[in-house]
Ligand code: DC
């Protein structure tokens with residue numbers, strides 16, 4: 001293979017980034033990495049071990065004890081934290097409520113970015129998150145910045161949580177998304193922002209299939225030009 005292809009998908013919370021990223025990776029046989037799951041798993045570890053996030057010595061020490069791994073089954077991403085499957089637990093509200101604070105910590109970002117860059121070094125990859133096109137892979141061939149109406153986003157996430165019998169209200173979900181958007185866009189360390197060369201995708205009124213076709217259109221020229229070399 002001459003040069004691997006990297007697709008960076010960034011955007012606000014609950015915009016459908018992972019749904020699109022997964023579908024795209026499946027269609028193209030690329031690897032899919034959910035970078036948000038990594039920050040969530042770190043948050044879960046900190047909560048379980050009562051790590052004081054104000055104390056950087058504590059944080060740095062804890063980071064050394066965290067080993068994350070992805071494995072995929074049927075293109076569903078599973079993440080393990082020190083060997084334990086935590087894919088469901090990291091989606092619960094307890095983690096959602098603290099993940100923005102944890103992901104704003106410089107040492108946490110430094111470690112996660114290092115691991116993410118290693119994953120995209122030689123393989124075709126789709127990675128979704130907040131800083132993928134700006135910090136993790138500024139050289140990505142395709143960058144998509146996703147957005148959608150906040151009310152629609154809250155309703156989508158609420159329905160997902162209801163399916164899991166989570167006792168949360170629509171208002172709580174809306175507040176949590178607003179809080180995370182605020183934290184993610186205003187933090188000091190690589191805040192969520194659109195890379196200059198990212199294409200905006202507002203999916204408020206788009207079906208998953210329309211979004212996939214939009215993304216395929218952007219990636220296919222790179223695949224074709226590689227095949228011609
Ligand atoms: O994509 P998500 O909602 O699962 O991400 C959870 C949190 O992790 C999100 O509120 C911000 C943070 N995050 C980040 O700071 N950088 C990334 N690349 C991905 C996620």
(message) Scan segment 37-55 and tell me whether some residue there is under 28 Å from residue 205 (Cα atoms) and touching a residue at least 40 places away in the same chain (Cβ under 8 Å).
(response) yes
(message) Based on this model, can you work out whether residue 217 counts as under 26 Å from residue 5 (Cβ atoms), more than 12 Å from the ligand (Cβ to nearest atom) and out of contact with any strand residue (DSSP E or B) (no Cβ under 9 Å at 6 or more places or on another chain)?
(response) yes
(request) Would you confirm whether any residue within segment 73-88 is modelled with pLDDT under 95, in contact with a helix residue (DSSP H, G or I) (Cβ under 7 Å, 6 or more places away or on another chain) and either under 17 Å from residue 108 (Cα atoms) or more than 16 Å from the ligand (Cβ to nearest atom) (or both)? (result) yes
(request) Please report, ordered by residue number, the helices (runs of 4 or more DSSP H) entirely within segment 89-197 with at least 3 residues that are near the ligand (Cβ under 10 Å from one of its atoms). (result) 93-103, 106-119, 170-186
(request) Would you be able to say whether some residue in segment 200-210 is crowded, with 16+ Cβ neighbours inside 10 Å, closer than 23 Å to residue 127 by Cα and free of Cβ contacts under 8 Å to residues at least 40 places away in the same chain? (result) yes
(message) I need the full set of residues from segment 5-23 which are over 21 Å from residue 135 (Cβ atoms), touching a strand residue (DSSP E or B) at 6+ places or on another chain (Cβ under 7 Å) and not in a loop (DSSP other than H, G, I, E, B), in order please.
(response) 22
(message) Can you tell me which of (1) at pLDDT below 95; (2) more than 16 Å from the ligand (Cβ to nearest atom); (3) closer than 27 Å to residue 181 by Cβ is the one residue 13 doesn't meet?
(response) (2)
(message) Looking only at residues that are buried (at least 21 other Cβ atoms within 10 Å of the Cβ) and under 17 Å from residue 222 (Cα atoms) in segment 22-43, which one is farthest from the ligand (Cβ to nearest atom)?
(response) 30
(request) Could you please find all residues in segment 24-36 being in contact with a strand residue (DSSP E or B) (Cβ under 8 Å, 6 or more places away or on another chain) and assigned to a loop (DSSP other than H, G, I, E, B)? (result) 30
(message) So residue 65 ticks every box in (1) in contact with a strand residue (DSSP E or B) (Cβ under 7 Å, 6 or more places away or on another chain); (2) more than 16 Å from the ligand (Cβ to nearest atom); (3) more than 20 Å from residue 19 (Cβ to Cβ) but one. Which box is left unticked?
(response) (1)
(request) Considering every residue within segment 45-59, establish whether at least one is in contact with a strand residue (DSSP E or B) (Cβ under 7 Å, 6 or more places away or on another chain), within 16 Å of the ligand (Cβ to nearest atom) and modelled with pLDDT of 95 or more. (result) yes
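The values are calculated or read from the model by the stated rules, or taken from the named source; none is laboratory data. What you are looking at is a predicted structure, and each value in this text was computed from that prediction instead of being measured. For neighbour counting, all protein chains shown are included, and Cβ atoms are generated from backbone atoms with ideal geometry for every residue, glycine included.
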